[in-house]
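The next block holds one structure in the form of structure tokens; read it before the comments.
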Amino acid sequence: MSFMLMAEEPVDCRAPLDLAFVLDITGSMGSTLNNLKASISSIAADASVKSNNNYRLALITVDESSTGSINIIRQEFSQNNLTSFQAAINAVTLGGGNGIPEPTDLGIESVLNGELGAFRSNAIKMIVMITDALPSGGNDQYTVGVDDVKVQTLANIAASQGV
């Protein structure tokens, strides 16, 4: 199951860019985490150049413990923050997880609610979520009619915000 919204028209890559990453760091991501960190760092570097240095990057990681979801804001949006963003992504280590699914939907919700800073009105707004599991809503269970509905609601909110 996937939920995705695509831009209807090509966007000007030289426009201001606000790019947030939501990264699942639970145990099942262990074999790919280092490659993902390198890829995210490379994407961030490309974004800084393509946006003519008018960019802001943000990073939130999601994990779980036996007591619930652990969402850690690693980097809030700030202007031209490639160096601090790359330090934040390089500092990420594998979490534990507590079974699957994972609370990535809560990470997206945090971004949309402005917990990493608000998106700029004049910027291209993007969220990249990386996971290998269904969303959990924070209770470590995927429930049809609940979690899928919440994800669709988040997609609609993102669309209404121009994300």
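No value in this document is a laboratory result; all are computed from the given coordinates. The shown structure was predicted, so the numbers you read here are calculated from the model rather than taken from an experiment. In this analysis, Cβ positions are derived from the backbone assuming ideal geometry, glycine residues included, and neighbour counts consider all displayed protein chains.
Taking log10 I(q)/I(0) by the Debye sum over Cα atoms at q = 0.10, 0.16, 0.17, 0.20 Å⁻¹ straight from the coordinates, which label in (1) -0.31, -0.81, -0.91, -1.24; (2) -0.35, -0.90, -1.02, -1.35; (3) -0.71, -0.99, -1.04, -1.19 is the correct one?
The calculated read-out lines up with (2).
Just to be sure I understand the model, the point goes 7 Å from the Cα along the line to the Cβ. What's the resulting Ala155 to Ser66 distance in nm?
Each label point is offset 7 Å from its Cα along the Cβ direction, giving 3.6 nm.
Okay, which of the stretch 132-147 sit inside 12 Å, backbone N to the point 7 Å along the Cα-Cβ direction of Thr32?
Counting only backbone N, you get 132-134.
Hey, how many Å between the Cα centroid of the stretch 31-73 and the Cα centroid of the stretch 94-163?
14 Å
Starting from the amide H of Arg74, placed 1.01 Å from N in the peptide plane, find each other amide H under 5 Å away whose residue is 5 or more places distant or on another chain.
Leu59, Ile60, Thr61
Grab the DSSP H runs of the chain that are 4 residues or longer, score each as -39,500 (n - 2.57), total them, divide by all residues and round the 222 nm result to the nearest 500 deg cm²/dmol.
Value at 222 nm, helices only, nearest 500: -9500 deg cm²/dmol.
Looking at the chain as a GNM with Cα springs under 10 Å, which of Asn53, Asn71, Asn122 has the largest mean-square fluctuation?
Looking only at Asn53, Asn71, Asn122, the largest GNM fluctuation is found for Asn122.
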